[in-house]
1. Helix-derived [θ] at 222 nm for chain A: sum -39500 (n - 2.57) over DSSP H runs of at least 4, divide by residue count, nearest 500?
2. Please quote Rg/Rh for region A:168-275 to two decimal places, taking the Kirkwood radius as Rh and restricting both calculations to Cα atoms.
3. Solvent-accessible area per residue for chain A at a 1.4 Å probe radius, Å²?
4. For the pair A:Glu575 and A:Arg279, how long in nm is the line joining their label points, each one 7 Å along Cα→Cβ?
5. According to a simple spin-label model (label point 7 Å from Cα along Cα-to-Cβ), what is the distance in nm between A:Thr245 and A:Leu56?
6. How much length, in nm to one decimal, is gained on full extension between A:Ser446 and A:Glu338, taken as 0.36 nm per residue of separation minus their Cα-Cα distance?
7. Taking the convex hull of the alpha carbon atoms in region A:339-579, what volume per residue do you get, in Å³?
8. Under a Cβ-only charge scheme (Lys and Arg +1, Asp and Glu -1), can you give me the dipole magnitude of region A:19-166 about the Cα centre, in debye to the nearest 20?
Amino acid sequence: MPWAIRSFMPSIKIVDLNNSEIKNSLKLAAQLMELHGENPFKTRSYVSAADVVGGLDAELSTLSTDEILAIDGIGKGMATNISGLLERGSFDNLDKYMEMTPAGVVEMLGISGFGPKKVAVLWQEGGAETLEQLMELCLQGKVASLKGFAEKSQETLKAAVAFLISNQYKEKYGNIDQAIANLVSAIDGLKEVQSCSESGQMRRRMEVIDLVEIVVAAEDLDALRTSLNALQVLSEEEKKSGPTTWYGRHVGIKAPLKLHLTSPDKFVQRLVETTGSVRHINMPIADQVTIKSSLIRPFESEEELYQSLGMKYIVPELREGLKEIEWAKNDQIPALIEMSDLKGILHNHSTYSDGKHTLRQMAEHCQQLGYEYLGISDHSQTAVYAGGLQDADVARQQEEIKQLNEELAPFKIFSGIESDILADGSLDYSEEILSSFDFIVASVHSGLNMDIKKATDRLLKAIYNPHTTILGHMTGRLLVQREGYPVDHKAIIEACAETGVVIEINASPYRLDMDWRWIDYALEKGVKLSINPDAHRMDGYQDMYYGLQVARKGGLTAKDNLNSMSLPEITAFFEQKKKKK
DNA sequence: GCCGTTTTCGGCCCGACTGTTTTCAGTCG
């Protein structure tokens, strides 16, 4: 899967836009131009400029105008657009088309499977200017009679619009964690503030956030509110605020923001109350006792509170109201995996397919970060769009891996492939080629709208293929953006238990797939997991952090995580798996 | 809008898939 993720609303930034934001803005402009029937070649130039920007090494914000003009695919006009984006977050042509297009129509462009041409029909023929109007049109059955549409696309559209409407005010954790960290430190820096911490879903490391919560302690709450409202990134919705809450928005973030204002002596109580899920704080601990019912006196620390209830301390990411209270009461909280437990990085791409950096760059960077090994798994031949490897490329890559391994020892590169799981569940190469790899990540990249039976059978066949080492991004979901294909999680996990296939926790903040809610069941069945970044560039390794957060939520420990194995251990693991064939 | 050029115009990328057609347009990776 290429790294490019469609994002249609350029986020509003106070600072310079980065390349991926510039890329998204150019892509959006291209879509709007196509929507309005602009010259297709002109439109294409925006698309290709966007692709070029996406593949750049250096951030555009660090380049001079001459350097930008020297980039292949960027001419005078595009350079002007880019400098507009860098200076004010937009450019004239984009502004022009945005003004001509209702906001709801712009959102429609985000529906997968429906491009500018189809959206133009929905808008101009169907008269839909908002998502709600489009839903109405679907419900009345009027979409099916529009040119180029029929019953089936009406149904698809209805589901997609419902998904979009339900995700309108949600954000991926990885999209906003930096901005929220900045906000917390800005609030913490206000002169009135004594303590400040994120809480709620953010602190629990939920993969999708629909409410950002922060607890702020100060003696003078009126003065605090005045200072908060002076922060440029915030805008209060006074009607929804209360005497001890500030409710409103952070610029550029779709999820609403709730600040809990409290006196310093009640800070810990407020933090515990707002961090845990409703289930967690109301879960019975003893007769008539819950965490919520215990928050009646001040505590020095959260540790003190949990201790006072005869429990071990529960880290925020576990406070979901699942098994954690039971664990804490019986001193059975798992030793959750930590960053330092990750010994190597599996499932990565290089320039052999659609990665941005060479095999050598990917390997050397991995080594510099202190890891013992790298598993490279470029796309397989069916993934033509991603430059998937033909047989000859596989041989060439394996030869280079051999040479690099001699040079970089004791660091080791494992030769793998991200083999497409074809529609019938088979893998993408001959037996001979499949046998030549150290490990194989099997993933679905096409035919994403199968029903649960077909999709599950397809995965099962891939799992029972003796060559499969790891099952990649199990459901194909893109958080807040695309629902995954439906699968029978239990059946898949049980098949992995039987075959020894490892289940990936795809660490990309766009995916975080398999969902952490299934980790417990996988562990119960004795299945190993692997936190894999699916990196398409060197800095993609950083996504391991996000995978780690959700892995901890699911209760994963180092001993059940594949890439926590040392180099000798994982070498033996791969060899063992190959022998079983 | 970009690029290259026998330099100021004329050409510009692809293969598979899907759902809609009745031979193909739109979308995507």
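The values are calculated or read from the model by the stated rules, or taken from the named source; none is laboratory data. Everything quoted here is computed from the prediction, not taken from an experiment. Every residue, glycine as well, gets a Cβ built from its backbone with ideal geometry; the counts of neighbours run over all protein chains shown. Quick note on the areas: whole protein, heavy atoms, side chains included, nothing else; ligands and nucleic acids left out. Shrake-Rupley method; radii C 1.70, N 1.55, O 1.52, S 1.80 Å.
1. Theoretical 222 nm ellipticity from helices: -12500 deg cm²/dmol.
2. My calculation of the ratio gives 0.93.
3. Numbers: 25390 Å² over 581 residues.
With the other protein chains kept in place, chain A gives 44 Å² per residue.
4. Those two pseudo-labels are separated by 4.4 nm.
5. Inter-label distance under the simple model: 4.3 nm.
6. Separation in residues times 0.36 nm, less the Cα-Cα distance, equals 35.5 nm.
7. On the way: hull volume 26.2 nm³, N = 241.
With only Cα atoms used, region A:339-579 gives 109 Å³ per residue.
8. My answer is approximately 560 debye.
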